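Trainee: Structure in structure tokens, see below.
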Amino acid sequence: MGSRIEQLYREHWHLVCGYLMRRTRDPHLAEDLAQETFVKATRAMLGWRGESPAAWLLAIARNVLLDHVRRSRISLPLPSPDALGVPELIEDAVEVRDVLDRMPEQQRRLLILVYFDGFSLVEVAAMTGRSVSSVKTALWRARAVFADSYGARR
């Protein structure tokens, strides 16, 4: 098991640390959280079912980040409607969440992974087993559905 986690560490350290760096914007905190991610991965190694190692590690990293946010009582910002492809509309977190909740599951999940959780297209592709171009196209479509629904409510 030791050599397996070492291999995962070597192959995925930059992916995990990069994700955490984008979310925290603090290199020291990102490295600390990445270390915690690999510690948790080591403990969970026996329960790992062999799915995508990148997806598995990023899911652990996301949970480590959420635990840190809860412990620290800090909040991560909601994406602006502009970032979701809705230009010049007033931000309303409740309405954004309501529109997301009414969207098809796959589109909602994709928007949440990219805009709320901060995963890059490459990371989402690794997590879902899809190509980056496929994820990019699906994200474009999801943003269009979101923009139509959000704009119709105004």
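Read-outs throughout are calculated quantities, based only on the coordinates presented, and are distinct from any laboratory measurement. Note that the coordinates shown come from a computational prediction; the quantities given were computed from them, not determined experimentally. A quick note on method: Cβ atoms are made from the backbone with ideal geometry, for glycine too, and the neighbour counts reach across all protein chains shown.
Trainee: Give me the extension gain from Lys136 to Lys40: residue separation times 0.36 nm, minus the current Cα-Cα distance, reported in nm with one decimal.
Mentor: 31.5 nm
Trainee: Still on this structure, please answer the following. Among residues other than Leu110 whose Cβ falls under 13 Å from its Cβ, what is the net charge (Lys/Arg +1, Asp/Glu -1)? Could the numbers behind the result be given before it?
Mentor: On the way: positive: Arg108, Arg109, Arg130, Lys136, Arg141, Arg143; negative: Glu105, Asp117, Glu123.
Local net charge: +3.
Trainee: Sticking with this structure for a sec: If we sort 59-65, 28-34 on the protection proxy, mean other Cβ atoms within 10 Å, highest first, what's the order? Write out the running numbers ahead of the final one.
Mentor: Values: 59-65: 20.3, 28-34: 17.4.
Taking the mean over residues of other Cβ atoms within 10 Å, the ranking is 59-65, 28-34.
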